[in-house]
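Accompanying notes for the structure given below.
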Amino acid sequence: MTRFGSVVAAAIVALLALAPLVLGSFAVGLLNDVGIGALVALGLVLLTGVGGLTSFGQAAFVGIAAYASAWLTTTHGASPWFGLLFALAATGVSACLIGMLTLRLGGHFLPLSTIAWGLSISLLFGNIDALGRHSGLSNIPPLHLGTMSLTTPESVYYLIWPIFGLAYWFIHNLLNSRPGRAVRSLRGGATLLASVGADAFRVRLTLFVTAALLAGISGWLYAHTNRFVSPSPFDLRASIEYLLMAVAGGLGQLAGALVGAGLVFLVKNSLQDLLPLLSQRGGQLDGVAFAILFLVLLQHARGGMMGFVSRRGQGRPGAPTLPARRPVPALLRRSLPAPGTPLLAVAGAVKHFGGLVAVNDVSFAMRAGEIVGLIGPNGAGKSTMFNLITGTLPMSAGQVEFLGRDISTAPQRHIARLGMARTFQHVKLRPKMSLLDNVACGAYARTRCGMLASGLRLNRAEEQQIHDEAMRQLTRIGLADRAHEQAGSLPLGTQRILEIARALAADPVLLVLDEPAAGLRRQEKAALGELLRRLRADGISILIVEHDMAFVMKLVDRLVVMNFGAKLVEGPPAEVRANRAVQSAYLGANP
Amino acid sequence: MTAALLEIGDLHVSYGRVEAVCGVSLSLAPGQIVSVIGPNGAGKTTLLAATMGLLPSTGTLRFEGEDLRGLDVEARVERGLCLVPEKRELFGDLSVQDNLQLGAYAKRLNGSTMGRRLQSVYALFPRLAERRSQLARTLSGGEQQMLALGRALMSAPRLLMLDEPSLGLAPLIVCEILAIVRTLREDGVSILLVEQNARVALENSDHGYVLESGEVALSGASSILAGDARVQATYLGGGTDDD
Amino acid sequence: MNWDVALILTVGGLATGSVYLLAGLGLVLIFSVTRVVFVPFGDIAAFAALSLAAFETGTTPPTIGLVLTLASLAVVAELWQLMRRRELARMPRVLMVWGLLPALPCLAAWWVTGRNLPAIAGIVASILLVVPIAPLIARIALRPIADASVLVLLIASLALHFLLSGLGLLFFGPEGSRTHPLVAGATTLPGGFPVSMQVLLMIASAIVLSGLFYLLFERTLHGKALRATAINRVGARLVGIRPARTAALAYGGGSLLAGLIGVLIAPVTTIYYDSGFIIGLKAFVAAIIGGLASYPLTALGALAVGLVESFASFWSGALKDVFVFGTLIPVLLLRSLLASRIEEEEEEIDE
């Protein structure tokens, strides 16, 4: 966080701490509502803003927790603190089940499914006898600390806001850590995560459960602050209102949750005062006002309130927090195979897309320490071949062996963990993450800290190791001085080079590069060639697809030429260049 | 000297901050076939997309003397421009015949004219006639290219822009398609042909432009360009341009 | 449960199913052309039903005010756009399309009110009255973000539902109403099983309308143009099909279907200003069974939803909706398994 940011944060904390001393009970009660709402919105910023998973059912999780604690404390007379444990367990288990069922859904089907379960759960509340059906549960005991009962808004205020503060701190830490970087990469697609050895589904599931648990804490606070629960505050409308908070505040920043919740409660409260003055049914019009507010936001300010703020500063989630300078051992490196030993063998690879044969019975082999080029005209099947080798696409037939293991059917992330790192023809970087964070993603499979450890800052030593490793790779490609800039600010050609650094952070045996020189200027190309030769000298093997013939011819040890999905020829550059079939493939067949 | 059918002057097209076409000028006379060749990423496809109005651009764009700026894609189609894009953009879940009929959508033809146009396209591509009730996405790559071309011809365009018609096709099919393209000229259709396959493009055009990094690097009569050493070098590496 | 009960439930299920069928067709129509999951669909149906109720009591339907309000907003939006583009010469056309056209059904409705015409006049007027609603709200709220992701459009569409139901409360008030049956009496099926004519009418309308739908889409060039826009937007533009125009047609068609649904259900259940939402959502379950793309699968899905609801209400009236929405999850899972997607970027709201 920047120094300015820390000052603002400290000022906000101080103001919040002093607020009950100057404000009346009504205003403090309103602030309590803001805090409770902001917890849910925080989960939504994390889930929707950072992870790209939209939920129209978050209020259902608030409801599950609220009802769970209310039921346990009213019917069994348990302490609200047991209620909290029970509420979190109930929310976590439900989120886990729902997540396992729905998080594999693609595209807009996932948000639609959240409407379905969001509606079903809130309908259930109103139809279960033990939960008081539509009249709900009342006489819920207040929270207590020791012997002190938190019945006044002022007393519960000092519980709600520290909890929010802790949650905020936890999530902030999380985002600036190994699992957080994976979460922030989710929007880049499952292939990006798999290419660094991460399981996108598991990342999504933990993210989903984390957001639900935040909603759960909020629901527990709601039940014991209002001391009454009924189905309506947990229905679809409420879910939309939480989403509105997150969008209004700004999905791009954690602080958006707080700002958005404040804004929504403020507007709601003033509407309740103003609307009845306009018309006799005006009191019921706040839905209309909120809908209009939401539509205007979507049309004109999708970045929310914090979107305006960040246009000045750079308060993205995960602005660089430098780990404490403490010497740590470097991350362990794997032992590379001896030069000349067999590394990769493709035998009879075939890929059909429907009726189209994209790759037709291609075989070739690579030895450790080699640079092999895969060339061919547009549409020859080179990228598909790459996707088959890296496991991004399943093969229709054939076999691929890597380091003596059959990887024909292995999932992409397992192949990545074996030591095959790749770059992409269509660059897959997270444009709003720093260069450093993008490269640090590459080290995912070499490190271990999970969400809990990261949120509680128990991961400092490992983070330092990752940081050092990422800096080392950035230095290697000559971008160390721009480590904290956003990756999206680089020219496209340089972004491709950054992808190489990310691949190197995985400590690969084989580097698979898809058109790394495209979009580079002449000197940059020369520098890239130099870098790749140095990597070869370090014992890393490279398989490269490239269109710039002059570049490839000077770099590679051997070439494999493809045309119409099949292998045309294979051999050293000079031989390939002289080949008639290759000439005609490139300049067109002589009719 | 007849007036140019299409006149492009100092055209600039950008994606965000990246300029893909920087100051290209090009002209095409009625009945002419002009080819644009160049490596991947040279801006060839972008040039066509901007001419069609799919991308915003600055510079002059005139068709039969009329300023094209301010006209959307659909209005340009009505004026007689027609683009067969690299991805073909067929209606995969509609039949071959439906695809062809929609090709003439902007012309609002009556039943009998529509029938006659269909017959003339089927006469050019007998294979499409055989497959008229098949869904477009079930066609092979070559047949899809024929359908894309056929759909374009249904609108009886004045200017036909072809983006990489040889992409992913076997040489024999490429020859077949380009033979048909050459016959179109006799019907008064002008053609702007974008190709990565340099020989194919130059052998089938009157005039050629070589695009590199968004700029015109060379231009001239196609027969002269085909013998140019730099053109050869661009496509196989090595040669004279080795630095 | 015995066979008689099962038969009663089946017929009832088919009747509700046919309502969902029509709604499902409308949703698929709108989604496939515009990528908008049109949540306010059910609200429009409810407005048609409430308009019909107003005609029956001889009062002017408040829908007129609603439509005129939306039309003036749309005109303002259009004029603002013309001003910014300095194309004020196109003003008369804009006033015609967005001002006069929506006012025509209002005029007709105003004329019909309290005139003791045959019931059919009120029915037709109610349906026509709601036709402008979907195109108008789409113009006001959705056109400016037409290029946004499906997700943003979905959020906007949900917000539109809350907007419409709020306006519904303002214009129609909280009271519910039920209209006279469109057709009276009952008939007897072979086997001595009585069925009300209203139920038969619902099923018959669904059959006839889905037949018309089929003809429109499979046999006319304009129908094919709508499908073409849905299949490939760029391809459609390249042959001269204007997506904005086809979108307006799709919204209009969807609105028309919503109007029909409104008058079909008005005699069967008491309709409140917010009754449409749940009907629309259940039609979604059907539309999603059809992958938001296939009309025949949507039709089957709609009948299945109707049957599930009918049988579920026999076991637990209160939980029938939970059952219906619960079936969505396995359907979505199946859909997601069937969808062969290689790689797609996650959708984003704020970028």
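The values are calculated or read from the model by the stated rules, or taken from the named source; none is laboratory data. Keep in mind it's a predicted model, so treat the numbers as computed, not measured. With ideal geometry, Cβ positions are generated from the backbone for all residues, glycine too; neighbour counts draw on all protein chains shown. Ligands, DNA and RNA are excluded from the accessible area calculation, which covers all protein heavy atoms including side chains. Shrake-Rupley method; radii C 1.70, N 1.55, O 1.52, S 1.80 Å.
A few notes on this one:
- Residue list for segment A:177-200, restricted to those being away from every other protein chain (no Cβ under 12 Å) and part of a helix (DSSP H, G or I): A:ARG178, A:PRO179, A:GLY180, A:ARG181, A:ALA182
- Per the listing A:ALA380, A:ALA443, A:ALA358, the residue uniquely among the aliphatic types (A, V, I, L, M) and either within 19 Å of the chain's Cα centre (by Cα) or not assigned by TED's automatic domain parsing to the domain that holds A:ASN563 (or both) is A:ALA443.
- The one condition from (1) open to solvent by 40 Å² or more (accessible area, probe 1.4 Å); (2) closer than 24 Å to A:ALA345 by Cα that A:ARG476 does not meet is (2).
- Residue list for segment C:300-321, filter: modelled with pLDDT of 90 or more, under 14 Å from C:LEU9 (Cβ atoms) and open to solvent by 40 Å² or more (accessible area, probe 1.4 Å): C:LEU303, C:ALA304, C:LEU307, C:VAL308, C:PHE311
- Filter pass, A:ALA38 being closer than 29 Å to A:LEU174 by Cα and within 22 Å of the chain's Cα centre (by Cα): yes
- When B:ARG127, B:ARG116, B:ARG88 are checked against the criterion of being at pLDDT below 90 and either open to solvent by 60 Å² or more (accessible area, probe 1.4 Å) or aromatic (Phe, Trp, Tyr) (or both), B:ARG127 stands alone in meeting it.
- Any hit, segment A:113-130, residues being out of contact with any helix residue (DSSP H, G or I) (no Cβ under 8 Å at 6 or more places or on another chain), open to solvent by 10 Å² or more (accessible area, probe 1.4 Å) and of a type in the set (S, T, N, Q): no
- Hits in segment C:40-64 - residues which are among the small types (Gly, Ala, Ser), more than 23 Å from A:ARG237 (Cβ to Cβ) and in contact with a Leu (Cβ under 9 Å, 6 or more places away or on another chain): C:ALA48, C:SER51
Okay, residues lined up against (1) modelled with pLDDT of 90 or more; (2) in contact with a Phe, Trp or Tyr (Cβ under 6 Å, 6 or more places away or on another chain); (3) open to solvent by 40 Å² or more (accessible area, probe 1.4 Å); (4) more than 8 Å from chain C (Cβ to nearest Cβ):
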site	(1), (2), (3), (4)
A:THR54	no, no, no, no
A:SER69	yes, yes, no, yes
A:LEU105	no, no, no, no
A:PRO142	yes, no, no, yes
A:MET148	no, no, yes, yes
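- Test: residue in segment A:416-424 that is closer than 26 Å to A:PHE201 by Cβ, of a type in the set (Ser, Thr, Tyr) and either more than 31 Å from the chain's Cα centre (by Cα) or crowded, with 23+ Cβ neighbours inside 10 Å (or both): yes
- Test result for B:VAL77, in contact with a helix residue (DSSP H, G or I) (Cβ under 9 Å, 6 or more places away or on another chain) and free of Cβ contacts under 8 Å to residues at least 40 places away in the same chain: no
- Residue under evaluation C:SER294, criteria (1) touching a helix residue (DSSP H, G or I) at 6+ places or on another chain (Cβ under 7 Å); (2) within 13 Å of another protein chain (Cβ to nearest Cβ), criterion not met: (1)
- Contact map, segment A:143-172: first residue closer than 25 Å to A:LEU452 by Cβ, second residue at pLDDT 90 or above and in a strand (DSSP E or B), Cβ cut-off under 9 Å, separation 6 or more or different chains; pairs are A:LEU159/A:LEU143.
- Filter result for A:GLN272 (part of a loop (DSSP other than H, G, I, E, B) and closer than 30 Å to C:HIS161 by Cβ): no
- Only residues that are farther than 28 Å from A:LEU112 by Cα, under 22 Å from the mean Cα position of the chain (by Cα) and open to solvent by 60 Å² or more (accessible area, probe 1.4 Å) were counted in segment C:34-68, giving 1.
- Test: residue in segment A:334-354 that is at pLDDT below 85 and more than 30 Å from A:HIS467 (Cβ to Cβ): yes
- The condition (being open to solvent by 10 Å² or more (accessible area, probe 1.4 Å) and within 26 Å of C:PRO61 (Cβ to Cβ)) is satisfied by just one residue among C:SER210, C:SER149, C:SER205: C:SER205.
- Residues (more than 11 Å from chain B (Cβ to nearest Cβ) and outside any strand (DSSP E or B)) located in segment A:556-589: A:VAL556, A:ASP557, A:PRO572, A:GLU575, A:ARG580, A:ALA581
- The set of residues in segment C:113-141 being of a type in the set (D, E, K, R) and within 14 Å of chain A (Cβ to nearest Cβ) consists of C:ARG139 alone.
- Sub-7 Å Cβ pairs linking a first residue in segment B:51-72 that is in a strand (DSSP E or B) to a second residue that is modelled with pLDDT under 90 and open to solvent by 50 Å² or more (accessible area, probe 1.4 Å), at least 6 apart or interchain, are B:LEU61/B:ARG69, ordered by first then second residue.
- Residues located in segment B:21-40, provided they are in contact (Cβ under 8 Å) with a residue 40 or more places away in the chain and open to solvent by 20 Å² or more (accessible area, probe 1.4 Å): B:CYS22, B:GLY23, B:SER25, B:ALA29, B:PRO30, B:GLY31, B:GLN32, B:PRO39, B:ASN40
- If the condition is being under 21 Å from A:ALA78 (Cα atoms), part of a helix (DSSP H, G or I) and aliphatic (A, V, I, L, M), then segment A:205-238 contributes A:LEU213, A:ILE217, A:LEU221, A:ALA223.
- When residues of segment B:41-65 are limited to those that are β-branched (Val, Ile, Thr) and over 13 Å from the mean Cα position of the chain (by Cα), the one least open to solvent (accessible area, probe 1.4 Å): B:THR60
- Residues that are within 13 Å of chain C (Cβ to nearest Cβ), in a helix (DSSP H, G or I), in contact with a helix residue (DSSP H, G or I) (Cβ under 6 Å, 6 or more places away or on another chain) and hydroxyl-bearing (Ser, Thr, Tyr) occur in segment A:239-246; there is at least one.
- The condition (being out of contact with any helix residue (DSSP H, G or I) (no Cβ under 7 Å at 6 or more places or on another chain) and surrounded by fewer than 19 Cβ atoms within 10 Å (Cβ to Cβ)) is satisfied by just one residue among C:PRO92, C:PRO144: C:PRO92.
- Of the listed requirements (1) part of a loop (DSSP other than H, G, I, E, B); (2) touching a residue at least 24 places away in the same chain (Cβ under 8 Å); (3) on the phi < 0 side of the Ramachandran plot, A:SER408 misses just one: (2).
- Selection within segment A:107-131 - outside any helix (DSSP H, G or I), without any contact (Cβ under 8 Å) to a residue 24 or more places away in the chain and more than 7 Å from chain C (Cβ to nearest Cβ): A:ILE128
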